[in-house]
Amino acid sequence: GKGGHGAAPQGTVDAIVVASHLVTALQTIVSRNTNPLESTALTVGKISGGHNFNVIADTVELKGTARAYTEENRQMIKKRLNEIIKGVGSTYGAKIEMDYWDGYPPTVNHKVPVEKLVRSARKIVGEGVGFPYLSMGGEDFSYYAQKIPGCFFFVGSTHPDQKPMSVPHHCSHFNIDERALLVGSSIYVQLIEDLLIK
């Protein structure tokens, strides 16, 4: 952008206005460019810019994350980000640069390892075991699962006096029930024993 005084906005390129329009335009990537049945998420999680209440900002920094279950949607998100950035920059006469890291590929569980894990886990926690739910979380485990069939699973760790999933991880109130650590390790031991028996 091009900064200036709030009382004389002519001739400036207000980076905060540009960033605001950019954030709004980016929302169309998921809402208008993806199949609603294919889970995809794009989040702008941080906006930093401006120096004072009466000064038009010359720079703004946005940070965010993009998630998708398919490689096609991952590539489409990157393509649309570049197109929208170019369009918004051109519309407002602003220079917009993007640093994009592809992140982890989707974590895909394989059927046979999931079945083995569920059988072993039921020996530890009973019928409360369910098949892994879909999650947009990124995991480096996905690289392993691309090479060797495997499965990624979650162990519930909500305190008994709380509703499950009421306090998500990355939340300032997150506090696990540490008994879940024993449950998780016991499931692994049971799985190893079951695999060794066969």
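Read-outs throughout are calculated quantities, based only on the coordinates presented, and are distinct from any laboratory measurement. Nothing here was measured: the structure is a model prediction, and the numbers come from that model. Because the Cβ atoms are built from the backbone with ideal geometry, glycine has one as well, and the counts that use them run over all protein chains shown.
Computed from backbone phi with θ = phi - 60° and the Karplus coefficients 6.51, -1.76 and 1.60, the 3J(HN,Hα) list for region 72-79 is 4, 5, 4, 5, 5, 4, 4, 4 Hz; x is used for glycine and proline.
Rounded to the nearest 20, the Cβ-based charge dipole of the chain about its Cα centre (Lys and Arg +1, Asp and Glu -1) stands at 340 debye.
When the convex hull of the Cα atoms of region 1-54 is projected onto a plane and the area is averaged over all directions, what value comes out in nm²?
Working: hull surface 18.8 nm².
Value for region 1-54: 4.7 nm².
Could you compute the net charge surrounding P105? Neighbours are other residues with a C-beta less than 14 Å from the C-beta of P105; K and R count +1, D and E count -1. Result for the local shell: -1.
In region 55-165 the Cα-Cα distances spread across 5 Å bins starting at 0 as 2, 9, 14, 15, 13, 11, 10, 8, 7, 5, 3, 2, 0 percent of all pairs.
Could you give the length gained on full extension between F141 and V108, defined as 0.36 nm per residue of separation minus the Cα-Cα distance, in nm? Don't jump to the answer; show the numbers that get you there.
Working: separation 33, 0.36 × 33 = 11.88 nm, distance 0.94 nm.
Extra length available between F141 and V108 comes to 10.9 nm.
Expressed as a rounded percentage, what relative contact order does the chain have, with Cα pairs under 8 Å and six or more residues apart? Walk me through the intermediate numbers first.
On the way: 244 pairs, mean separation 34.8, N = 198.
Computed over the chain, the figure is 18 percent.
Once the Kirkwood radius over Cα pairs is known for region 4-92, the Stokes-Einstein relation at 10 °C and 1.306 mPa s delivers a diffusion coefficient of 111 µm²/s.
Approximating the spin labels as points 7 Å out from Cα along Cα→Cβ, the L134-to-N175 distance works out to 3.4 nm.
With θ taken as phi - 60° and the Karplus curve 6.51 cos²θ - 1.76 cosθ + 1.60 applied, the whole-hertz 3J(HN,Hα) list for region 155-172 is 10, x, 9, 6, 4, x, 8, 10, 6, x, 6, 6, 10, x, 5, 6, 9, 5 Hz, x standing for glycine and proline. Principal axis extents of the Cα atoms in region 111-197, from largest to smallest and rounded to whole angstrom, are 40, 28, 17. Distances between placed amide hydrogens fall under 5 Å for D14 paired with K2, all partners being 5 or more residues away or on another chain.
Going by average Cβ density within 10 Å per residue, which order do the peptides 62-69, 162-169 take, highest to lowest? Please list the in-between numbers first.
Numbers: 62-69: 17.2, 162-169: 10.0.
Per-residue mean Cβ counts within 10 Å order the peptides as 62-69, 162-169.
Binning all Cα-Cα separations of region 81-126 at 10 Å, short to long from zero, yields these whole-percent fractions: 21, 22, 16, 12, 16, 13, 1. Over the chain, DSSP H runs of length four or greater, each weighted -39,500 (n - 2.57), average out per residue to a 222 nm ellipticity of -14000 deg cm²/dmol. Per-residue Karplus couplings for region 184-197, computed as 6.51 cos²θ - 1.76 cosθ + 1.60 with θ equal to phi - 60°, are listed in order as x, 5, 5, 5, 4, 4, 4, 4, 4, 4, 5, 5, 6, 5 Hz, Gly and Pro entered as x. Here is the size of the chain from its Cα atoms: Rg then Dmax, 23.0, 78 Å.
Helix 15-33 and the long axis of the chain differ in direction by around 40°, with both axes built from C-alpha atoms.
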